[in-house]
Amino acid sequence: MEFALLGWPVAGPTLRLDFREFSYAGKFVMSNTGKAVARDPGGPRAEPRSVDADVERHEPGSESDPFERDVVAAAAFNEDRTDPGVLWIRYITTRHDRRGEGIGARLAAFVADRAEERGYRRCRIAVNNPFAYHALYKAGFVFTGRETGLAELVLECPGQRDAATYQCGLDTFRTDEERDLSDDERAFLDRHEGDDAPPLVSAPEEPAPEP
């Protein structure tokens, strides 16, 4: 698995992801955010899901193939409009057939490390479900106690990790009657009631440039 920073927002990097395999694929074509990816050229790959607006399947890697084929996860990020010391991760998406492997959490940790190296004081992200919340805790993010206007919980890195703060965010999901939680989400919240913050994933290093 290789993790790479494609460019900061000022560079305007873009990324073509197959909408059948990635959520938010259209957001990565935009050039107003920085991008980072996890690549696994030799890893397992399932056929894309069939969707109503299906597209012709080109030979992977051929000149006619319009999509990035070795990307298994991608992140898009930009600077806070009012605080240049804060970097926001706007989107993280993992290919459907590779979800559940912790790749998204490792990519978030990778972006946070690169942001610190670049001089940002904080890296933040907003999440709207307990699964993403838990994954971001594994990446070293912590609940700030704040929510966005879209009822998303704001997490940031670095921060003080402890059971009380972790459970505070889970309680926000549990007690907000306006949230339409799925049965799987409610079961997840029940399983993790009283738990300590989950262990950290290892933050990947960016490969050294070729000599």
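The values are calculated or read from the model by the stated rules, or taken from the named source; none is laboratory data. From a predicted model like this one, the values you see are computed outputs, not experimental measurements. Cβ placement follows ideal geometry from the backbone for every residue including glycine, while neighbour counts extend to all protein chains displayed. Remember, those area values only see protein heavy atoms, side chains included, never the ligands or the DNA or RNA. Shrake-Rupley method; radii C 1.70, N 1.55, O 1.52, S 1.80 Å.
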Give the ranking of 31, 23 by solvent-accessible surface, highest area first, calculated with a 1.4 Å probe. 31, 23
Report, in deg cm²/dmol and to the nearest 500, the calculated mean residue ellipticity at 222 nm for the chain, where each DSSP H run with n ≥ 4 adds -39500 (n - 2.57) and the sum is divided by the residue count. -7000 deg cm²/dmol
With viscosity set to 1.567 mPa s and temperature to 4 °C, compute the Stokes-Einstein D of the chain, Rh being the Kirkwood radius across alpha carbon pairs; µm²/s, no decimals. 71
Provide the FRET efficiency to the nearest 0.05 for the residue 152-residue 32 pair, computing r from the beta carbons and using R0 = 25 Å. 0.80
Can you give me the solvent accessible area of residue 30 with a 1.4 Å probe, rounded to the nearest 10 Å²? 100
Compute, for the chain, the length of the dipole vector about the Cα centre, with Cβ point charges of +1 (Lys, Arg) and -1 (Asp, Glu) only. Units Debye, rounded to 20. 480
At a probe radius of 1.4 Å, what is the per-residue accessible area of residue 79, in Å² to the nearest 10? 80
Please compute the contact order of the chain in relative form: average sequence separation of alpha-carbon pairs under 8 Å and at least six residues apart, divided by the residue count, as a percent. 18
Solvent exposure, largest accessible area first (probe 1.4 Å, DNA, RNA and ligands not counted), of 138, 35: 138, 35
Using a 1.4 Å probe and ignoring any ligands, DNA or RNA, find the accessible area of residue 39 and quote it in Å² to the nearest 10. 50
Normalised by the residues of the stretch 95-211, what does the relative contact order come to in percent, with Cα pairs under 8 Å and at least six apart? 30
Globularity ratio of the stretch 67-139, using Cα Rg and 2.2 N^0.38 Å: 1.13
Ranked by GNM mean-square fluctuation in the chain (Cα springs under 10 Å), the top entry among 109, 36, 25 is 25
FRET efficiency for residue 190 and residue 117, using Cβ-Cβ distance with R0 set to 30 Å, rounded to 0.05: 0.15
Can you work out the accessible area per residue across the chain, with the rest of the protein chains kept in place, probe 1.4 Å, in square angstrom? 53
At a 1.4 Å probe, what is the % contribution of carbon and sulfur to the accessible area of the stretch 64-211? 45
In the stretch 126-203, the GluC sites (Glu not before Pro) that sit in a DSSP loop and have at most 13 other Cβ atoms within 10 Å of their own Cβ are 177, 178, 193
Once the piece of chain linking residue 70 and residue 202 is laid out straight, how much longer is it, given 0.36 nm per residue of separation minus the C-alpha distance between them? 45.4 nm
Average silhouette area of the stretch 168-208, convex hull of alpha-carbon atoms, in square nanometres: 4.6
